[in-house]
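The values are calculated or read from the model by the stated rules, or taken from the named source; none is laboratory data. Bear in mind the structure is a predicted one, so any value in this text is a computation, not a measurement. All Cβ positions, glycine included, derive from the backbone under ideal geometry; neighbour counts span all protein chains shown. Calculation scope for accessible area: heavy atoms of the full protein, side chains included, ligands and nucleic acids excluded. Shrake-Rupley method; radii C 1.70, N 1.55, O 1.52, S 1.80 Å.
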Amino acid sequence: MNQLKKIWALSLLAKLLLSALIPLSADEAYYWVWSHKLQLSYFDHPPMVAWMFYLGHFLEPLGHAVRWPAVILGHCMILIGIDLLKGFVPLEKIKIWVWLVLFSPILGFGSLIVTPDLPVIFFWMLSVWFFIRALASKKSADYLGLGAALGLGFCAKYHIVLFVPALLLYLFVEKKWQNIAWKRVPLTLLAGLTFCLPVLLWNYQNDFASFTFQLKHGLEREAYNPEWTFSYVLAQIFILFPLVFWASLRTRIKPALRWALYFSWFPLAFFFLTSFRALVEANWPIIAYPTFIMLVLGHPKMRSWMKYYIGFFALLFTFVLSAVFIPSLRQLNEKVSEPFEFQQLSILTKEYYPLYASSYQMASSLWYFSKMPVFKLKDISRYDFFDTFPEAKPSSSPFYLIKREANGLPSWISQEQWSGKVLRHIDPDYVLIEFTKP
């Protein structure tokens, strides 16, 4: 067990170092802006990711160490997994689970990037931990802990709600109802409602806008496109790795570990079904991955197959990391090059004021890199957090806008008789425009 703790500590140090060196992505910068405008919740997501960035404000002089509170929380998920497994599998197999998680493209390398996924996966695993303890101990503290973990998970990402049907399915199929201390279930409900109250209150005050947006976002299309389902299945096989995915189908699960089946396959199956209604992002079933990897520990070849898993994803991560630090390689991927493009554009905030951007990604990144407020121009793209600010619509002349050349303008520009003049063209395809009124 001491060796596992050393692996955990050294991998955490590596994550902290790398996360401080890699510039924030555009989405991370967006959540960072939230942390400077704290609310009970937000239109796009619940507030936990903003709270994590807020805790890291004092670390901003250390490169991009503002990520550290969220990175540490995400990494603590591994400790929960170790504690869950130690009562069911040998130490050597727990080590395999740890290495598979550390080299996972989303649970491992992806945990350097701060999104709502980091806190939700922590609270999902913490909920599993309290649930297993509650079944065995029937103590009030475990029932309270389960509710608190679920409530905080709801403040991280709405996907935590899938825990409840997965739990009920496990109790029903495995005939575990008699293990429930029913008189303590109200404690779970009370704690859950208490800890998710910020999100409920914000939605009540804002006509349930966030709930409506997320439901439409996940189930928005009327006509079915087979590519949605095909791409979802392929993405999950790639993320989980083909040999691991195959092993999950060929491994007999110990009775004591059967709960992992439900907390793995239910989220995967749920998003598979939703792929018949809309495009599913590859990372949405992330809550399933830690327990899914537990399912393969009993496969006799997993120890030898692990070297292919680690080798492949280590090579992939090395390539991505090289693209981050070697300028000539950045153009191979838009997501890699984008933060550096925005970092260059942030210089304009010192020359032009007030400066606006054409997307929340650009506005957030310019704000983060310059540390000067930059707003997305109101209604220039889909509704988001920036559209809630009165500053998003200029009230005085002139104002300046930087956008991609192909992007359009909001209708109110012409309606209010603003006239625009291109001041600069900036590589690769940005344009700086000055708007004035006659």
Quick one: compute the contact order of the chain, relative version, from alpha carbon pairs under 8 angstrom and 6+ residues apart, as a percent.
15
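Rounded to the nearest 0.05, what FRET efficiency do Val422 and Leu17 give with R0 = 60 Å and r taken as the Cβ-Cβ distance? Could you check? Numbers along the way, then the final one.
Numbers: r = 42 Å, r/R0 = 0.71.
Rounded to the nearest 0.05, the efficiency is 0.90.
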In debye, nearest 20: dipole of the chain around its Cα centre with unit charges on the Cβ of K, R (+) and D, E (-)?
1960
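Please compute the contact order of segment 1-89 in relative form: average sequence separation of alpha-carbon pairs under 8 Å and at least six residues apart, divided by the residue count, as a percent.
On the way: 63 pairs, mean separation 28.0, N = 89.
Rounded, it is 31 percent for segment 1-89.
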Quick one: which of 93-100, 311-318, 151-158, 48-55 comes out on top by average Cβ neighbours within 10 Å, and what's the full order, highest first?
151-158, 48-55, 93-100, 311-318
So if we plug the beta-carbon distance of Phe312 and Ser395 into 1/(1 + (r/R0)^6) with R0 = 60 Å, what FRET efficiency do we get, rounded to 0.05?
0.65
Could you check what % of the DSSP bridge pairs in the chain are antiparallel, to the nearest 5?
70
Give, in nm to one decimal, the length gained when the segment between Asn333 and Lys437 is fully stretched (0.36 nm per residue of separation minus the Cα-Cα distance).
33.5 nm
Heavy-atom accessible area per residue of segment 363-438, all protein chains kept, 1.4 Å probe, expressed in Å², is 50
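In the chain, carbon and sulfur make up what percent of the accessible area (probe 1.4 Å)? All intermediate terms of the calculation are to be shown ahead of the outcome.
Working: 13150 of 20270 Å².
The value for the chain is 65 percent carbon and sulfur by accessible area.
I need the trypsin sites (Lys or Arg not before Pro) found in segment 295-343, filtered to DSSP loop residues with at most 15 other beta carbons within 10 Å of theirs. Mind dumping the intermediate values first?
Numbers: sites: Lys301, Arg303, Lys307, Arg330, Lys335; in loops: Lys301.
Loop-located and lightly packed - Lys301.
Can you give the accessible area per residue of segment 1-129, in Å², using a 1.4 Å probe?
Heavy-atom SASA per residue in segment 1-129 reads 34 Å².
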Relative to the present Cα-Cα distance, how much length would full extension add between Phe230 and Met372 at 0.36 nm per residue of separation?
46.8 nm
If you filter segment 165-257 for trypsin sites (Lys or Arg not before Pro), then keep DSSP loop positions with at most 14 other Cβ within 10 Å, what is left?
Lys175, Lys176, Arg221, Arg252
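Based on DSSP H runs of at least 4 residues, each adding -39500 (n - 2.57), what is the mean residue ellipticity at 222 nm of the chain after dividing by all its residues, to the nearest 500 deg cm²/dmol?
Details: 20 runs with 246 residues, N = 438.
Calculated mean residue ellipticity at 222 nm is -17500 deg cm²/dmol.
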Exposed GluC sites (Glu not before Pro) being those in a DSSP loop with at most 15 other Cβ atoms within 10 Å, the longest stretch of the chain free of them is 1-173
Counting only protein heavy atoms and rolling a 1.4 Å probe, one gets per residue an accessible area for segment 184-313 in Å² of 53
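Can you tell me the FRET efficiency between Leu135 and Leu79 if r is taken as the Cβ-Cβ distance and R0 is 25 Å, rounded to the nearest 0.05? Before the final figure, lay out each step's value.
Details: r = 21 Å, r/R0 = 0.83.
The value I calculate is 0.75.
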Over the Cα atoms, compute the radius of gyration (one decimal) and Dmax (the largest Cα-Cα distance, rounded to a whole number) for the chain, in Å.
23.4, 77
